[in-house]
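Trainee: Mind having a look at this structure? Questions to follow.
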Amino acid sequence: MSRIVYVNGEYLPEEQAKVSVFDRGFLMADGVYEVTSVLGGKLIDFGGHMARLRRSLGELSMGNPLSDDDYLAAHRELVSRNGIENGMIYLQVTRGNPGDRDFAFPPEDTPQTVVMFTQEKDNLADNPAATTGWKVILTEDLRWSRRDIKTVQLLFPSLAKMEAKAAGADDAWLVEDGVITEGTSNNAYIVKDGTIITRQLSSDILHGITRAAVLRFAREAQMKVEERGFTPDEAKAADEAFVTSASAFVMPVVEIDGARIGEGKPGPVAQRLRDIYIEEMRKAAV
Ligand code: PDD
């Protein structure tokens, strides 16, 4: 069945939704995005995604064409029109269509492009992968140095994902200067002697909305958290590993570059955090 998608204020069947060939998002990857999960027809941590969207736009001196209330109304409209019970809403904002190709930004009054669409995923909360865990490989982090901005320039993460798939793994963890930064589209964690370790916030990683919530829940549950980088050797010798993202929630990792982590099955810390996260976020969903 064809989806109804949002393009610049209109709700259209996906086949009829069009963006210009001159759009800066298409020509220059001059756009930012957010992915918000839907559980039980409601939006998970919508306020967090709006806050990060504003920050990404601000860092790129890009305007924000809609208010948070307008974004919320459009997200809800798409959930309703497409009958989404569980899944994701993708939102992209670009610097728009200047009518030609030019490295310089277009005039500030150039209308921006706003696109939103749904992705249905029935088993988002009871994802079978969460019971077996992911295998990840390690590869060099060759992205640009402003990974804190959620831009649509995802070519390197996409190449790393393909490298992981070719190796029979589920994802790649990226390594820079001998330290893990994050996964292709998620934040990376290890657990050692009961302490949860994940890289500190900086422009080296995306400031995950799920990361912020999970670390808050971990601290509230009296778990010890250390925000610092960790090496591949440390990761391979960890008791547990996991990743977080808006679409994977908390996903256990059971193998890193061929090394079995702990018992080679999802560990208790990751499983507990996943349960807490899903329960608490369902309660707070809008
Ligand atoms: N990815 N790090 C990177 C590089 C990401 O692309 C993402 C999100 C995250 C986790 O952020 P959050 O918890 O806010 O989803 C970390 C999204 C889900 C995607 O590209 O589909």
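Trainee: Is it the case that Ile197 is more than 11 Å from the ligand (Cβ to nearest atom), in contact with a helix residue (DSSP H, G or I) (Cβ under 6 Å, 6 or more places away or on another chain) and not hydroxyl-bearing (Ser, Thr, Tyr)?
Mentor: No: the conditions fail for Ile197.
So that you can scan it fast, the table gives a plain yes or no per residue for (1) within 16 Å of the ligand (Cβ to nearest atom); (2) out of contact with any helix residue (DSSP H, G or I) (no Cβ under 6 Å at 6 or more places or on another chain):
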residue	(1), (2)
Arg3	no, no
Tyr11	no, yes
Lys18	no, yes
Val21	no, yes
Met28	no, yes
Tyr33	yes, yes
Leu39	yes, no
Asp45	yes, no
Arg55	yes, yes
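Trainee: Please state which one of Leu159, Leu206, Leu154 is open to solvent by 50 Å² or more (accessible area, probe 1.4 Å) and within 11 Å of the ligand (Cβ to nearest atom).
Mentor: Leu154 is the lone residue from the list that is open to solvent by 50 Å² or more (accessible area, probe 1.4 Å) and within 11 Å of the ligand (Cβ to nearest atom).
Trainee: Search segment 272-286 for residues being touching a residue at least 60 places away in the same chain (Cβ under 8 Å) and out of contact with any Phe, Trp or Tyr (no Cβ under 9 Å at 6 or more places or on another chain), and hand back the single one that is most open to solvent (accessible area, probe 1.4 Å).
Mentor: It comes out as Arg282.
Trainee: Is at least one residue of segment 68-81 in contact (Cβ under 8 Å) with a residue 24 or more places away in the chain, part of a loop (DSSP other than H, G, I, E, B), surrounded by 15 or more Cβ atoms within 10 Å (Cβ to Cβ) and not β-branched (Val, Ile, Thr)?
Mentor: For segment 68-81, residues in contact (Cβ under 8 Å) with a residue 24 or more places away in the chain, part of a loop (DSSP other than H, G, I, E, B), surrounded by 15 or more Cβ atoms within 10 Å (Cβ to Cβ) and not β-branched (Val, Ile, Thr): absent.
Trainee: Related question: For segment 183-194, enumerate the residues that are surrounded by 21 or more Cβ atoms within 10 Å (Cβ to Cβ) and more than 15 Å from the ligand (Cβ to nearest atom).
Mentor: Once the filter is applied, which keeps residues that are surrounded by 21 or more Cβ atoms within 10 Å (Cβ to Cβ) and more than 15 Å from the ligand (Cβ to nearest atom), segment 183-194 yields Ile190, Val191.
Trainee: Only residues that are open to solvent by 60 Å² or more (accessible area, probe 1.4 Å) and touching a Leu at 6+ places or on another chain (Cβ under 6 Å): list them for segment 82-114, please.
Mentor: Scanning segment 82-114 gives a single hit, Arg101.
The values are calculated or read from the model by the stated rules, or taken from the named source; none is laboratory data. In this text, all values refer to a predicted model and were calculated from it rather than measured experimentally. Cβ coordinates were reconstructed from backbone atoms using ideal geometry, including for glycine residues, and neighbour counts include every protein chain displayed. Areas reflect the complete protein model, heavy atoms only, side chains present, ligands, DNA and RNA absent. Shrake-Rupley method; radii C 1.70, N 1.55, O 1.52, S 1.80 Å.
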